[in-house]
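To keep things clear, I will list the structure first and then write my remarks on it.
The values are calculated or read from the model by the stated rules, or taken from the named source; none is laboratory data. Remember, predicted model here, so these are calculated numbers, not experimental data. For neighbour counting, all protein chains shown are included, and Cβ atoms are generated from backbone atoms with ideal geometry for every residue, glycine included.
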């Protein structure tokens, strides 16, 4: 776990978060810590996942559905896949 992650964990455990003191404690940039803690920035993996329409679990579900259709020799048309995606992302 990196310094930023440790600092964020520390901030989350504080009753009254002190970003400046925590940044100094973990030797990280105060503005970077503030942005990460507030969710304005994060790891590259989180950014990549947030860019996509589906999260990792939804992607796995979609792939499983497509694989099931393939196993039944059913064509996975674009329309069918779009319907699957719509159903996965529906709130």
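Some notes on this structure:
- Residue 23 part of a helix (DSSP H, G or I) and at pLDDT 85 or above: yes
- Test: residue in the stretch 37-56 that is assigned to a loop (DSSP other than H, G, I, E, B), surrounded by 10 or more Cβ atoms within 10 Å (Cβ to Cβ) and at pLDDT 85 or above: no
- Qualifying residue in the stretch 63-78 (condition: modelled with pLDDT of 85 or more, part of a helix (DSSP H, G or I) and within 29 Å of residue 39 (Cβ to Cβ)): yes
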